[in-house]
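Here is the structure we will look at, set down as structure tokens.
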Amino acid sequence: MEKLLDVENVSISFIQYTQGLNQRDLKVITDLTLDVFEGEILAILGSSGSGKSLLAHAIFGILPENANLNGTIKYKGKELSQKDKEEIRGKEIALIPQSVNFLDPLMKISDQAIGETKDDAEKKEKKQKQREIFEHYNLGPEVDDMYPFQLSGGMARRVLVSTALLSNPKLVVADEPTPGLDQKTVKETLNHFKHMKEDGVGVLLITHDIHAALEVADRIGIFYSGYVIEIAENKDFSGNGENLLHPYTKALYKALPANGFELTEGHQPLHGEIPKGCPYYDRCEMRMGICKEERPELTDLGNKKVRCFKYEGGLKNGT
């Protein structure tokens with residue numbers, strides 16, 4: 001399988017004013033590394049407000065002007081400049097946004113799905129393709145002349161998915177696609193991603209819903225305080241979680257009601273409060289002296305990755 005997306009050591013920060021005119025550089029994402037292959041669904045799982053959506057905005061080059069972006073983002077092996085991102089977004093890479101508010105309330109659905117066209121011939125061709133994709137997602141001809149306020153939540157979500165697919169993208173980034181939806185619509189939305197995978201599309205699913213991630217993802221990246229701390233295979237989330245590597249991932253799995261609802265004391269550090277060493281140090285039952293002073297790198301273990309000194313260098317349990 002071809003690697004579509006390669007995100008390496010990406011950090012995103014913002015200039016923040018404190019007292020008076022004093023400034024500080026507030027890092028929201030400190031070290032984010034992941035990759036997505038064609039025909040694969042990779043879920044990035046993290047708590048609400050942890051900065052996950054900034055990853056999507058960084059990939060598409062739509063970060064706020066006051067954002068500082070470091071690290072590299074590659075598509076099919078080529079590092080993307082801002083110009084590259086502008087040229088391929090909406091074409092080879094497509095965004096399914098978090099909110100249905102991305103739909104223009106003053107435009108009919110068909111018009112905003114098709115977008116601008118050069119002439120009548122192009123408009124007719126796009127219209128035909130739009131109708132075919134809409135039909136695939138159970139959106140009848142009557143939807144074309146509707147305005148967003150006339151759609152149900154499920155219909156609006158299907159419109160966003162369908163619109164993203166109009167350009168035959170190779171990579172789809174879905175930013176929190178399920179919040180606020182009923183169970184039936186959530187299942188329907190997740191099935192859309194399964195269909196994309198079957199068609200060879202790579203999907204990056206950004207979510208805080210572990211159940212949604214486990215339902216569709218091949219691999220799951222765990223996001224904690226601005227870091228990817230583990231990338232595990234879906235099958236690792238089974239049994240007692242014995243195949244999961246990072247203590248936080250294990251704790252997250254065991255906190256599920258089906259696994260005993262075991263809760264861990266403490267909370268995820270806020271931006272600007274991350275300790276000097278490992279971001280999970282204060283809550284970790286496996287911590288060592290080095291964990292307080294130094295920050296572990298993300299270690300590649302084949303199909304898995306983990307940020308923990310017990311696995312650094314590819315050696316399990318530090319042996």
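The values are calculated or read from the model by the stated rules, or taken from the named source; none is laboratory data. Quick caveat, the model's predicted, so the values are computed rather than measured. Reconstructed Cβ throughout: ideal geometry from the backbone, glycine too, with neighbour counts over all protein chains shown.
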Subject >> Residues of the stretch 102-116 that turn out to be in contact (Cβ under 8 Å) with a residue 40 or more places away in the chain and of a type in the set (Ser, Thr, Tyr), as a count >> reply: 0
Subject >> Residues located in the stretch 26-60, provided they are at positive phi and either modelled with pLDDT under 95 or assigned by TED's automatic domain parsing to the domain that holds ALA255 (or both) >> reply: GLY49, GLY51
Original post:
Can you find even one residue in the stretch 210-226 that is within 17 Å of the chain's Cα centre (by Cα) and basic (Lys, Arg)?
Top reply: yes
**OP:** Report whether or not LYS276 is within 27 Å of GLU8 (Cβ to Cβ) and either surrounded by fewer than 17 Cβ atoms within 10 Å (Cβ to Cβ) or modelled with pLDDT of 90 or more (or both).
**Re:** yes
**OP:** Return yes or no: is ASN138 at positive phi and exposed (fewer than 14 other Cβ atoms within 10 Å of the Cβ)?
**Re:** yes
Subject >> Matching entry among LEU263, LEU245 (being part of a loop (DSSP other than H, G, I, E, B) and surrounded by fewer than 23 Cβ atoms within 10 Å (Cβ to Cβ)) >> reply: LEU263
Subject >> Filter result (assigned to a loop (DSSP other than H, G, I, E, B) and either touching a strand residue (DSSP E or B) at 6+ places or on another chain (Cβ under 6 Å) or aromatic (Phe, Trp, Tyr) (or both)) within the stretch 280-299 >> reply: TYR280, LEU298
Original post:
If you take just the strands (runs of 3 or more DSSP E) that sit entirely in the stretch 1-101, which of them hold at least 2 residues that are free of Cβ contacts under 8 Å to residues at least 60 places away in the same chain and surrounded by fewer than 20 Cβ atoms within 10 Å (Cβ to Cβ)?
Top reply: 3-17, 23-37, 67-75
Original post:
Assuming PRO169 fulfils every condition listed in (1) without any contact (Cβ under 8 Å) to a residue 60 or more places away in the chain; (2) touching a strand residue (DSSP E or B) at 6+ places or on another chain (Cβ under 9 Å) apart from one, which condition is it?
Top reply: (1)
